[in-house]
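Take a look at the structure set out below.
The values are calculated or read from the model by the stated rules, or taken from the named source; none is laboratory data. Keep in mind that this is a model prediction, so the values were computed, not measured. All Cβ positions, glycine included, derive from the backbone under ideal geometry; neighbour counts span all protein chains shown. Ligands, DNA and RNA are excluded from the accessible area calculation, which covers all protein heavy atoms including side chains. Shrake-Rupley method; radii C 1.70, N 1.55, O 1.52, S 1.80 Å.
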Amino acid sequence: MRNIYLIYILMLLGITNSMLAQNNAINLVNNSNYYLIGLNSFLGSQLNLDINNFTIEYNFYLNNSSNYNGRFYAGYNNYNQPGPLDFYIDNTGASFLRLGNDVTFETITGTPTFNTGQWYHVAFVVNNTATKNIKMFVNGISVIDFNFSQSLNINYIVGIIALGSLTNNAGDCKFDNLRLWNTLRTDMEISNNYNNCLNNTETSLIVNMDFDRSNLGITRNRVASSDHKNGITYTGTNTMFSSGTGCSTPEIAPSLNVTGSYSGIYYVIGYLNGKPHYKTDEIVCNFFTSPTGCEQSYNKAFEIFWNTNEWVLKPAGCYWEFTSCENEDSDPYNPTVILATNSSNTNFAPCSGWSFTDTNANSMFSSTDCAALSINNFEFEKNISVYPNPSSGIFNINTDKEIEIRVFDVLGKEIIIKNINSKTIDISNYPKGVYYLEASFKSGEKSLYKLVKK
């Protein structure tokens, strides 16, 4: 019966099966960069990339023209020296592909130009045996087949795997679906599969970063057997997640949107004690072997789970336990830090009734599993009505009560705050999609409702 009710709710909200699949991309602007995290380092140390036979593939979208845009870099520690590969695009759209050993490099000629405002998939297949050949593919089509002479043999393990401009603070690009292979992917494998999902157990696959189920820049490598469990943005504040391309990650259950304190999209990553386990970012902690690496993984991520007695909201970072780095939910029956609790014994995390440890904390919860969202006319308490909804950007507010209105995007970022005098909310300058309106009454009561900009 509940399944029928849920389907009915989703239909009313206009949510189709495809919308229940998530597809994020990471958006890196200016000095924001993305790194794989190694065993003991914040950066990508100890990646077991086979220097003799490897394939690199990823998607990118140039938001604006910039130097060192759409960049992938693999090397030891010098961003000017590839080891073994560096690829980027300049402000004219011309691309540059370099192979090297962190001391010398060779530039591969004949690489194509790229335009702003569209998604591309690129793949590089490098044979560093006696053949010494590199192939480059764009959207599954071979564009380079080049025999190089540069030595790629290095005396140390690849130190850095990164996306972003890295050194010149000029990047402006979205990235998605970073995949690294210790094998030579064939032309057919690339052309037939670059838009498809992986099962993450494929032979020789060592990294699959799809950037899904993340808010704050911490992402999980979907290849569980890899030494590199996480990736993280670093050195920049201009980082966000936006709509991606290619493969979409199916949702286990509807996510929970939180605004205000502890804001973010809480994604269901599995089940704990028979109920959904929500996290803003999927951090894997137990592979770190030093306290430094452990501490650096913490980035204000949060989680919500049922501990057999109540719902708990707490940090989802890592902490050091003498000889290993463990996630704070490793002992969910005795959490080390509790931010909020809710005793409602519901099948999904509730949207009301939360009790906060910090009396100054103030969060609003919403989900398709909560009845708090008005579905038809968005009237609540018979004191306010919002119309039209959906709207192209102008929403009229009808009320005779003294209220304050705040509007948030789906990531919990506040975009509007105002007292209702003009009787309108204008989000015309914001992208199409779902927003949340929080109404605060003089009595201190608050309500949260969904706005749809078409």
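So which residues in the stretch 83-135 are among the acidic types (Asp, Glu) and in contact with a Ser or Thr (Cβ under 9 Å, 6 or more places away or on another chain), if there are any at all?
If the condition is that a residue be among the acidic types (Asp, Glu) and in contact with a Ser or Thr (Cβ under 9 Å, 6 or more places away or on another chain), then Asp90, Glu106 are the ones that fit.
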query: Identify, please: which residue in the stretch 182-229 is β-branched (Val, Ile, Thr) and part of a loop (DSSP other than H, G, I, E, B) and is, among those, farthest from Glu282 (Cα to Cα)?
result: Thr186
- prompt: Looking only at the stretch 212-229, which residues are open to solvent by less than 10 Å² (accessible area, probe 1.4 Å) and at pLDDT 80 or above?
  reply: Asp212, Ser214, Thr219, Asn221, Val223
message: Looking only at residues that are at pLDDT 80 or above and part of a loop (DSSP other than H, G, I, E, B) in the stretch 230-250, which one is nearest to Asp409 (Cα to Cα)?
response: Gly244
- prompt: Where in the stretch 251-314 are there strands (runs of 3 or more DSSP E), lying fully within it, with 1 or more residues that are modelled with pLDDT of 70 or more, more than 25 Å from Val407 (Cα to Cα) and open to solvent by less than 10 Å² (accessible area, probe 1.4 Å)?
  reply: 275-279, 302-306
field: Scope the stretch 345-369; condition modelled with pLDDT under 85 and open to solvent by less than 20 Å² (accessible area, probe 1.4 Å); matching residues
entry: Ser366, Ser367
- request: Could you give me the residue pairs with C-beta distances under 7 Å whose first residue belongs to the stretch 240-255 and is more than 18 Å from Gly117 (Cβ to Cβ), whose second residue is β-branched (Val, Ile, Thr) wherever it lies, and which are 6+ apart or on separate chains?
  value: Phe241/Ile26; Glu251/Val268; Ile252/Val268; Ala253/Val268; Pro254/Thr368; Ser255/Ile265; Ser255/Val268
- request: Mind listing whichever residues of the stretch 390-423 are at pLDDT below 85 and over 19 Å from Phe441 (Cβ atoms)?
  value: Pro390, Asp409, Val410, Leu411, Gly412, Lys413, Ile415
